Amino acid sequence: MNPSPSDVAFSRAGASRRSDSVVVSASRQVKPDKSEHEKLLERARIDFRVVHDYEAPWRPKALEEIDFVDNLKHWSQSQIDERAGRPCLTFDRIGPAVDQVLNDARKNPPEPRIAPVGNGADTKTADILQGLLRNISHDSQADTCFFTGLEYAVKIGRGWWRVGFEYEAGDTFEQKIVIKRIPSWAAVYADPDTQEFDYSDMKYCFVTEDVNQDTFKKDYPECQAANLADFSGTGDNVRDLWFPNGAVRIAEYWWVEIVKDEIAMLPDGSIVKKEDIPSQAVPIMQREVERRVVHGAKITGVDVLDEWVWPGPWIPIVPCIGREVTQRDGRREWRGMVRPAMDANLSYDYMRSKQVEAVGLAPITQWLVAEGQLEGHEQQWSEANRKAHAFLTYKLIDAEGKPAPLPQRVSPSVDISAITIAVAHAENDIKATTATYDASLGQSGPEQSGKAILARQNEGDNAHFHFHDNFARSLRHTGRIIVDLVPKIYSEPRAIRIYDPDGSTREVKINQPIVEQGLERIYNLADSAARYNVTIGTGPSYASKRIEGSSAVIALVQAHPEIMNRAGDLVIKALDTIPNNEEFAARLVPPDVAQKNDAENPIPPQIQAQVEAQQALIKQLTDMLNQATDQNERERMKIDSQERINAQNNEAKLVIKKAELGMSGSSVELQHTINLLKQQLAAAQSDKEAERATAQGEPVAA
């Protein structure tokens with residue numbers, strides 16, 4: 001079976017092992033002749049020239065913004081030279097506003113969500129993909145990658161990260177998907193003709209790195225660029241763009257080729273390529289489709305160092321856009337939140353420098369004294385403006401011997417009110433251009449109530465929401481790239497670790513039959529035909545919802561303490577910062593709730609049938625036991641009643657016999673006693689009959 005372009009690996013991270021196809025790594029491909037390399041380099045040089053010239057007006061602005069906010073280079077060299085000897089103070093008023101936006105995103109990062117959309121996709125497999133996506137992000141420390149890109153988007157308007165794959169370890173052939181950061185905003189040159197906001201349609205892209213020539217010679221001693229003395233033979237265009245300042249520019253050159261195929265639908269509903277139509281089948285319909293094949297090469301201006309084919313339809317370089325601005329000529333540039341506030345911050349620096357200068361140039365405070373009044377104490381008074389003397393001594397008479405007034409301090413008036421007003425205006429300008437006010441930075445303002453403060457903070461959040469929204473779009477495209485890669489990288493049976501929303505981990509076996517709850521199923525991540533959609537949730541992340549939910553639960557329990565009696569276990573589970581909270585919660589479950597929960601646990605059908613059979617047998621045995629017990633009880637009651645009746649009869653007969661013989665009492669009394677004993681005997685016989693009827697289940701006569 002011939003390998004398709006998606007089955008061809010790129011050499012630094014070859015494709016995953018496949019049981020149904022042949023994988024060819026870049027190192028095993030037949031090397032093209034020199035003319036093919038020359039064509040590739042010529043095309044790369046043309047593409048790089050186009051994108052370099054397109055971005056040339058924007059890149060100096062971006063560099064100026066980075067210097068302003070990160071390196072605090074607010075004053076130009078000409079301004080510093082012009083103010084030689086005068087204060088040139090620098091105050092970072094934009095950096096905290098930038099940090100406010102970034103830290104807000106760090107607290108509540110959006111998360112791609114995977115949902116099945118048909119063709120064999122199912123919800124449980126989508127959950128496995130979701131957990132795998134979290135594991136990839138955690139394993140790659142993707143938060144660092146993402147927020148590096150977002151930081152540049154907020155500062156200068158555009159940042160980047162990338163998706164790739166590598167071997168799990170040095171002694172295995174299993175591979176994993178990884179997310180890598182691109183630390184330099186200036187390293188990426190992307191197709192200027194792309195139309196999609198997430199650059200998913202870009203046709204080519206460069207990721208560059210400039211290394212000095214000595215380092216390049218050590219790494220690539222056989223290459224042509226390592227043996228060039230001054231690069232003069234390469235031509236001006238090549239020398240300026242590919243050998244800047246004597247360094248060697250190495251670039252990953254990615255490009256897309258559009259391959260056209262014809263597909264057909266067969267009578268059974270299956271869709272195949274035109275060349276795969278069975279000879280006896282008559283297709284229902286046919287049409288032409290386009291397929292994107294992504295190629296890559298590692299190059300210099302004169303060498304091809306490596307080549308590969310990427311197993312996916314998108315170039316795996318993802319942009320994060322701050323704000324896209326279209327110029328009059330149709331050319332696009334990118335802008336963050338730094339440039340609009342630069343003039344306001346510089347105005348603040350200038351006015352504060354002027355304020356310090358005005359105060360610093362004010363004359364030193366002087367003393368007004370009479371002549372001769374400080375005689376003998378001149379040293380002490382000359383130090384009065386520099387040292388905190390405990391006392392100052394003076395004479396009560398002047399040089400002429402006349403009484404002298406008390407020495408007085410003469411304070412010069414320095415009017416800086418206009419400068420102070422200008423400083424306040426510049427400060428307000430900074431707040432307006434960054435849309436970051438005192439409440440957003442945690443400072444006190446005119447707001448009095450908590451609701452008013454939250455409202456002002458929400459205003460600042462809304463002003464910066466486009467950064468978060470664009471960030472979510474980039475994460476969505478990242479999720480699409482990963483979901484597309486999963487069938488190629490995780491194609492063999494193996495066990496993977498996934499993350500659940502609450503942060504717990506579990507191991508799942510994929511691409512092999514497993515038994516869950518008595519049923520056999522397969523999590524088939526290698527099925528490339530199954531389609532899954534990637535979206536971004538608009539609500540807060542799981543962590544943010546958990547924190548908010550914990551606060552709400554605490555407030556609810558404080559208002560209604562009786563909740564702990566019926567839902568104490570749920571309250572403890574919501575407070576997951578408590579150590580061993582699961583054990584605490586288990587001990588607080590009400591007994592009736594525990595029984596109900598046990599009854600609601602799902603039981604596989606096979607186990608359920610066995611349980612029902614055992615329950616039927618138990619019921620049958622219980623009925624038999626009850627019947628035996630009732631029979632024994634009736635026999636015991638019969639024996640006891642007969643014994644009591646016999647005893648009473650014997651006693652009554654004895655008494656009657658004695659009475660008839662006249663052993664005691666008068667005749668009237670004896671007759672009365674006999675009649676009473678006869679009544680007792682009759683009652684005893686009636687009781688005997690009632691007990692017999694009860695034992696045999698017969699009705700008892702009144």
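Coordinate-derived values only; no laboratory data. No experiment lies behind these values; they were computed from the predicted model shown. Cβ sites come from the backbone with ideal geometry, for glycine too, and all protein chains shown count toward neighbours.
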Final fewest-first order of Tyr54, Tyr523 on the 10 Å Cβ neighbour count is Tyr54, Tyr523
Unsatisfied cross-links (Cα-Cα over 32 Å) in the set Lys176/Lys218; Lys180/Lys573; Lys203/Lys509; Lys180/Lys273; Lys354/Lys387; Lys155/Lys298: Lys180/Lys573; Lys203/Lys509; Lys180/Lys273
Quick one: Leu368, Leu374, Leu63, fewest Cβ neighbours within 10 Å first, how do they rank? Leu368, Leu63, Leu374
Cα shape, region 274-362, gyration tensor, a/c 1.5 rule: prolate
Reduced to Cα centres, the span from region 78-144 to region 172-213 in Å works out to 17
Please give the length that would be gained between Leu570 and Lys273 if that part of the chain were fully extended, namely 0.36 nm times their separation in residues minus their C-alpha to C-alpha distance (nm, one decimal). 101.3 nm
Can you pull a Stokes-Einstein diffusion coefficient for region 113-170 at 37 °C (0.692 mPa s), Rh from Kirkwood over Cα pairs, as a whole number of µm²/s? 240
Spread of Cα-to-Cα distances over 10 Å intervals beginning at zero, given as percent, for region 96-246: 9, 23, 30, 24, 11, 4, 0
Residue order, fewest to most surrounding Cβ atoms within 10 angstrom, among Met342, Met337: Met342, Met337
